[in-house]
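The values are calculated or read from the model by the stated rules, or taken from the named source; none is laboratory data. Worth saying up front: this structure is predicted, and the values here are computed from it rather than measured. Here the Cβ positions follow ideal geometry from the backbone for every residue, glycine too, while neighbour counts run over all protein chains shown. Quick note on the areas: whole protein, heavy atoms, side chains included, nothing else; ligands and nucleic acids left out. Shrake-Rupley method; radii C 1.70, N 1.55, O 1.52, S 1.80 Å.
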Amino acid sequence: MAIRTKLVAGNWKMNGLRQDGAQLVHTLKERVAEAGGALGCDILACPPATLLSEVGGILAGSGIALGGQDCHAAPKGPYTGDISAEMLADLGCSHVILGHSERRHGHGETDAEVRDKIAAAWRAGLVAILCVGETQAQRQAGDAVETVMSQLAGSIPCAATAAKLVIAYEPVWAIGTGLTATTEDIAAMHADIRRRTPNGIRILYGGSVNAGNCSTILTLPEVDGALVGGASLNADDFWAIVRSYATE
Ligand code: PGA
(Lines give C-alpha, C1' and ligand atoms only; values in the text may rest on other atoms or scores of the structure.)
Protein backbone atom coordinates (compact mmCIF):
# COMPACT_ATOMS: atom_id res chain seq x y z
CA MET A 1 0.00 0.00 0.00
CA ALA A 2 1.24 3.50 -0.85
CA ILE A 3 2.75 5.43 2.04
CA ARG A 4 0.63 8.41 3.05
CA THR A 5 3.03 11.34 3.27
CA LYS A 6 2.14 13.42 6.31
CA LEU A 7 0.88 16.94 5.71
CA VAL A 8 0.98 19.93 8.04
CA ALA A 9 -1.18 22.73 6.63
CA GLY A 10 -1.46 26.25 8.02
CA ASN A 11 -4.85 27.92 7.60
CA TRP A 12 -4.17 31.58 8.27
CA LYS A 13 -7.85 32.48 7.86
CA MET A 14 -8.44 36.26 7.67
CA ASN A 15 -5.16 37.15 9.33
CA GLY A 16 -2.03 38.92 8.21
CA LEU A 17 -1.06 42.06 6.42
CA ARG A 18 1.68 41.91 3.81
CA GLN A 19 4.55 42.43 6.21
CA ASP A 20 3.32 39.82 8.71
CA GLY A 21 2.82 37.23 5.99
CA ALA A 22 6.19 37.85 4.41
CA GLN A 23 7.99 37.62 7.74
CA LEU A 24 6.24 34.40 8.69
CA VAL A 25 7.07 32.59 5.47
CA HIS A 26 10.62 33.91 5.32
CA THR A 27 11.17 32.29 8.73
CA LEU A 28 9.52 29.03 7.71
CA LYS A 29 11.51 28.92 4.51
CA GLU A 30 14.77 29.36 6.47
CA ARG A 31 13.83 26.58 8.86
CA VAL A 32 13.01 24.20 6.04
CA ALA A 33 16.39 24.96 4.44
CA GLU A 34 18.18 24.39 7.77
CA ALA A 35 16.36 21.09 8.30
CA GLY A 36 17.82 19.90 5.00
CA GLY A 37 15.12 17.50 3.89
CA ALA A 38 14.60 15.59 7.14
CA LEU A 39 11.10 16.89 7.71
CA GLY A 40 9.02 13.75 7.34
CA CYS A 41 6.02 15.74 6.11
CA ASP A 42 4.75 18.05 3.42
CA ILE A 43 4.10 21.65 4.49
CA LEU A 44 1.36 23.87 3.12
CA ALA A 45 0.64 27.54 3.79
CA CYS A 46 -2.87 28.86 3.09
CA PRO A 47 -2.72 32.64 3.53
CA PRO A 48 -5.64 34.96 2.80
CA ALA A 49 -6.19 35.60 -0.90
CA THR A 50 -4.64 39.06 -0.62
CA LEU A 51 -1.29 37.50 0.30
CA LEU A 52 -1.18 34.57 -2.11
CA SER A 53 0.90 36.37 -4.70
CA GLU A 54 3.46 37.77 -2.27
CA VAL A 55 3.71 34.66 -0.10
CA GLY A 56 3.85 32.45 -3.19
CA GLY A 57 6.76 34.48 -4.51
CA ILE A 58 8.71 34.05 -1.29
CA LEU A 59 7.93 30.33 -1.07
CA ALA A 60 8.93 29.55 -4.66
CA GLY A 61 11.48 26.74 -4.61
CA SER A 62 11.25 26.32 -0.82
CA GLY A 63 9.37 23.03 -0.83
CA ILE A 64 6.50 24.67 1.08
CA ALA A 65 3.28 24.48 -0.94
CA LEU A 66 0.74 27.27 -1.35
CA GLY A 67 -3.03 26.91 -0.94
CA GLY A 68 -6.22 28.94 -1.02
CA GLN A 69 -8.92 28.93 1.65
CA ASP A 70 -11.98 28.69 -0.62
CA CYS A 71 -12.95 28.94 -4.27
CA HIS A 72 -16.06 29.49 -6.36
CA ALA A 73 -17.42 26.58 -8.39
CA ALA A 74 -17.42 28.54 -11.68
CA PRO A 75 -14.19 29.19 -13.62
CA LYS A 76 -15.06 32.89 -14.07
CA GLY A 77 -18.01 35.21 -14.29
CA PRO A 78 -20.20 37.75 -12.49
CA TYR A 79 -19.49 36.69 -8.90
CA THR A 80 -18.40 39.81 -7.06
CA GLY A 81 -15.84 39.11 -4.38
CA ASP A 82 -15.32 35.46 -5.31
CA ILE A 83 -12.19 33.71 -6.55
CA SER A 84 -12.09 30.77 -8.95
CA ALA A 85 -9.98 27.65 -8.63
CA GLU A 86 -8.28 28.65 -11.89
CA MET A 87 -7.25 31.97 -10.30
CA LEU A 88 -5.74 30.12 -7.36
CA ALA A 89 -3.85 27.80 -9.69
CA ASP A 90 -2.67 30.83 -11.68
CA LEU A 91 -1.11 32.23 -8.48
CA GLY A 92 0.82 29.02 -7.89
CA CYS A 93 -1.57 27.27 -5.51
CA SER A 94 -1.54 23.49 -5.46
CA HIS A 95 -4.25 23.07 -2.81
CA VAL A 96 -7.47 24.67 -1.67
CA ILE A 97 -9.34 24.25 1.63
CA LEU A 98 -13.06 23.65 1.01
CA GLY A 99 -16.08 23.22 3.25
CA HIS A 100 -14.41 24.68 6.32
CA SER A 101 -16.90 25.00 9.16
CA GLU A 102 -16.42 28.77 9.14
CA ARG A 103 -17.76 28.72 5.57
CA ARG A 104 -20.44 26.12 6.24
CA HIS A 105 -21.71 28.00 9.32
CA GLY A 106 -20.75 31.58 8.50
CA HIS A 107 -21.74 31.50 4.82
CA GLY A 108 -24.36 28.76 4.81
CA GLU A 109 -22.40 26.50 2.47
CA THR A 110 -24.14 23.20 1.84
CA ASP A 111 -22.60 19.82 1.08
CA ALA A 112 -23.78 20.14 -2.53
CA GLU A 113 -22.01 23.49 -2.91
CA VAL A 114 -18.87 22.06 -1.37
CA ARG A 115 -19.04 19.13 -3.80
CA ASP A 116 -19.24 21.56 -6.75
CA LYS A 117 -16.26 23.49 -5.38
CA ILE A 118 -14.23 20.30 -5.07
CA ALA A 119 -15.03 19.49 -8.69
CA ALA A 120 -13.90 23.02 -9.60
CA ALA A 121 -10.65 22.55 -7.70
CA TRP A 122 -9.95 19.37 -9.66
CA ARG A 123 -10.85 21.06 -12.94
CA ALA A 124 -8.07 23.57 -12.16
CA GLY A 125 -5.61 20.85 -11.12
CA LEU A 126 -5.75 21.60 -7.39
CA VAL A 127 -5.85 19.16 -4.49
CA ALA A 128 -8.99 19.78 -2.44
CA ILE A 129 -8.80 19.68 1.35
CA LEU A 130 -12.33 18.86 2.42
CA CYS A 131 -13.19 19.84 6.00
CA VAL A 132 -15.81 17.92 7.95
CA GLY A 133 -16.78 17.94 11.62
CA GLU A 134 -19.60 17.89 14.09
CA THR A 135 -20.85 20.65 16.39
CA GLN A 136 -20.84 20.30 20.17
CA ALA A 137 -24.60 19.68 20.14
CA GLN A 138 -24.26 16.95 17.52
CA ARG A 139 -21.54 15.21 19.55
CA GLN A 140 -23.54 15.49 22.76
CA ALA A 141 -26.56 14.02 20.99
CA GLY A 142 -24.44 11.05 19.88
CA ASP A 143 -24.65 12.15 16.24
CA ALA A 144 -20.96 12.95 15.59
CA VAL A 145 -20.23 9.98 13.34
CA GLU A 146 -23.50 10.27 11.45
CA THR A 147 -22.92 13.99 10.86
CA VAL A 148 -19.42 13.51 9.51
CA MET A 149 -20.40 10.54 7.34
CA SER A 150 -23.26 12.50 5.85
CA GLN A 151 -20.92 15.43 5.09
CA LEU A 152 -18.55 13.01 3.37
CA ALA A 153 -21.34 11.40 1.38
CA GLY A 154 -22.74 14.77 0.32
CA SER A 155 -19.49 16.59 -0.41
CA ILE A 156 -17.21 14.12 -2.18
CA PRO A 157 -17.62 13.84 -5.97
CA CYS A 158 -17.55 10.27 -7.24
CA ALA A 159 -14.23 10.72 -9.09
CA ALA A 160 -12.33 11.17 -5.81
CA THR A 161 -8.85 9.69 -5.48
CA ALA A 162 -6.20 9.95 -2.80
CA ALA A 163 -4.07 12.09 -5.12
CA LYS A 164 -6.77 14.76 -5.50
CA LEU A 165 -8.45 14.83 -2.11
CA VAL A 166 -7.37 15.28 1.51
CA ILE A 167 -9.90 15.13 4.34
CA ALA A 168 -9.57 17.30 7.44
CA TYR A 169 -11.60 16.15 10.42
CA GLU A 170 -12.20 19.26 12.50
CA PRO A 171 -14.74 19.06 15.32
CA VAL A 172 -16.42 22.48 15.14
CA TRP A 173 -16.30 22.88 18.93
CA ALA A 174 -12.50 22.38 18.90
CA ILE A 175 -11.75 25.12 16.36
CA GLY A 176 -10.11 28.13 17.95
CA THR A 177 -11.33 27.14 21.41
CA GLY A 178 -8.27 25.45 22.90
CA LEU A 179 -10.34 22.27 23.24
CA THR A 180 -9.32 19.09 21.46
CA ALA A 181 -11.10 15.80 21.00
CA THR A 182 -9.79 12.88 23.06
CA THR A 183 -7.26 10.66 21.36
CA GLU A 184 -9.85 7.83 21.46
CA ASP A 185 -12.45 9.99 19.68
CA ILE A 186 -9.93 11.19 17.11
CA ALA A 187 -8.72 7.64 16.42
CA ALA A 188 -12.28 6.32 16.15
CA MET A 189 -13.48 9.09 13.81
CA HIS A 190 -10.41 8.82 11.60
CA ALA A 191 -10.89 5.06 11.34
CA ASP A 192 -14.54 5.59 10.37
CA ILE A 193 -13.59 8.21 7.77
CA ARG A 194 -10.94 5.89 6.35
CA ARG A 195 -13.48 3.12 5.86
CA ARG A 196 -15.65 5.42 3.75
CA THR A 197 -13.07 7.26 1.62
CA PRO A 198 -10.72 6.27 -1.22
CA ASN A 199 -7.82 4.02 -0.40
CA GLY A 200 -4.67 5.85 0.68
CA ILE A 201 -6.38 9.18 1.32
CA ARG A 202 -4.75 11.52 3.83
CA ILE A 203 -6.90 12.38 6.83
CA LEU A 204 -5.77 15.40 8.83
CA TYR A 205 -6.96 16.43 12.27
CA GLY A 206 -7.74 20.05 13.02
CA GLY A 207 -9.02 22.11 15.92
CA SER A 208 -6.66 23.78 18.38
CA VAL A 209 -3.62 21.75 17.35
CA ASN A 210 -0.65 23.46 18.96
CA ALA A 211 2.97 22.99 19.99
CA GLY A 212 1.87 21.35 23.25
CA ASN A 213 -0.58 18.73 21.96
CA CYS A 214 0.81 17.98 18.50
CA SER A 215 3.07 15.10 19.44
CA THR A 216 0.17 13.20 21.02
CA ILE A 217 -2.37 13.85 18.27
CA LEU A 218 -0.20 13.70 15.18
CA THR A 219 1.33 10.33 16.00
CA LEU A 220 -2.05 8.54 16.24
CA PRO A 221 -2.02 5.78 13.60
CA GLU A 222 -4.81 7.07 11.35
CA VAL A 223 -3.84 10.76 11.62
CA ASP A 224 -1.89 11.87 8.55
CA GLY A 225 -1.19 15.43 9.63
CA ALA A 226 -2.87 18.59 10.85
CA LEU A 227 -4.85 21.55 9.62
CA VAL A 228 -3.62 24.29 11.90
CA GLY A 229 -5.34 27.64 12.41
CA GLY A 230 -4.19 29.89 15.25
CA ALA A 231 -0.84 28.19 15.79
CA SER A 232 0.06 28.59 12.10
CA LEU A 233 0.36 32.35 12.59
CA ASN A 234 3.40 31.98 14.79
CA ALA A 235 6.52 30.57 13.14
CA ASP A 236 7.83 28.86 16.29
CA ASP A 237 4.50 27.22 17.08
CA PHE A 238 3.90 26.08 13.52
CA TRP A 239 7.44 24.80 13.24
CA ALA A 240 7.04 22.79 16.47
CA ILE A 241 4.03 21.09 14.88
CA VAL A 242 5.96 20.37 11.68
CA ARG A 243 8.76 18.90 13.81
CA SER A 244 6.38 16.26 15.20
CA TYR A 245 7.29 14.33 12.09
CA ALA A 246 11.03 15.05 12.06
CA THR A 247 12.99 12.03 10.96
CA GLU A 248 16.20 13.06 12.70
P1 PGA B 1 -7.49 26.33 15.05
O2 PGA B 1 -8.18 26.30 13.61
O3 PGA B 1 -6.20 25.55 14.94
O4 PGA B 1 -7.27 27.79 15.35
O5 PGA B 1 -8.43 25.69 16.00
C6 PGA B 1 -8.14 25.15 12.81
C7 PGA B 1 -8.94 25.38 11.57
O8 PGA B 1 -9.98 26.05 11.62
O9 PGA B 1 -8.58 24.89 10.48
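Number of residues in region 114-136 that are open to solvent by 10 Å² or more (accessible area, probe 1.4 Å), more than 15 Å from the ligand (Cβ to nearest atom) and closer than 20 Å to Lys13 by Cα equals 2. Looking at (1) away from the ligand (no atom under 16 Å from the Cβ); (2) open to solvent by less than 40 Å² (accessible area, probe 1.4 Å), find the lone condition where Ser53 falls short. Result: Ser53 passes all but (2). When region 34-50 is filtered for residues that are within 19 Å of Asn234 (Cβ to Cβ) and open to solvent by 60 Å² or more (accessible area, probe 1.4 Å), only Glu34 remains. Looking at this structure, is Leu17 surrounded by 14 or more Cβ atoms within 10 Å (Cβ to Cβ) and at pLDDT 95 or above? Here the answer is no, as Leu17 does not meet what is asked.
If you go through region 174-206 and pick out every residue that is open to solvent by less than 40 Å² (accessible area, probe 1.4 Å), farther than 14 Å from Asp224 by Cβ and either near the ligand (Cβ under 10 Å from one of its atoms) or in contact with a strand residue (DSSP E or B) (Cβ under 9 Å, 6 or more places away or on another chain) (or both), you end up with 3. Only a single criterion out of (1) within 15 Å of the ligand (Cβ to nearest atom); (2) free of Cβ contacts under 8 Å to residues at least 40 places away in the same chain is not satisfied by Ala226, namely (2).
Evaluation of Ile217 against the conditions (1) under 18 Å from Ile175 (Cα atoms); (2) among the aliphatic types (A, V, I, L, M); (3) away from the ligand (no atom under 12 Å from the Cβ) shows that the sole unmet condition is (3). Within region 184-209, residues that are over 25 Å from Asp237 (Cα atoms) have Cβ atoms under 6 Å from residues that are away from the ligand (no atom under 16 Å from the Cβ) and open to solvent by 40 Å² or more (accessible area, probe 1.4 Å) in these pairs: Ala191/Glu222; Asp192/Val145; Arg194/Glu222; Pro198/Thr161; Gly200/Ala2, counting only partners at least 6 apart in sequence or on another chain. When Asn210 is tested against (1) in contact with a strand residue (DSSP E or B) (Cβ under 9 Å, 6 or more places away or on another chain); (2) of a type in the set (S, T, N, Q); (3) more than 13 Å from the ligand (Cβ to nearest atom), only condition (3) is not met. Ala22 meets the stated requirement of being open to solvent by less than 20 Å² (accessible area, probe 1.4 Å), part of a helix (DSSP H, G or I) and not acidic (Asp, Glu). Residues that are outside any helix (DSSP H, G or I), open to solvent by 20 Å² or more (accessible area, probe 1.4 Å) and closer than 17 Å to Thr5 by Cα within region 219-248 comprise Thr219, Leu220, Pro221, Glu222, Ala246, Thr247, Glu248, listed in sequence order. For region 102-133, a residue qualifies if it is over 21 Å from Ala160 (Cβ atoms) and not in a helix (DSSP H, G or I), and the qualifying residues are His107, Gly108. Output yes when any residue across region 25-38 is under 30 Å from Leu220 (Cβ atoms) and within 16 Å of the ligand (Cβ to nearest atom), and no when none is. No - not one qualifying residue is present in region 25-38.
Among the residues of region 63-73, those that are open to solvent by 20 Å² or more (accessible area, probe 1.4 Å) and either assigned to a loop (DSSP other than H, G, I, E, B) or within 25 Å of Ala33 (Cβ to Cβ) (or both) comprise Gly63, Ala65, Gln69, Asp70, Ala73. Quick one: would you say Ile156 is more than 16 Å from the ligand (Cβ to nearest atom), closer than 17 Å to Arg103 by Cα, modelled with pLDDT of 95 or more and within 17 Å of the chain's Cα centre (by Cα)? Spelling it out, Ile156 is indeed more than 16 Å from the ligand (Cβ to nearest atom), closer than 17 Å to Arg103 by Cα, modelled with pLDDT of 95 or more and within 17 Å of the chain's Cα centre (by Cα).
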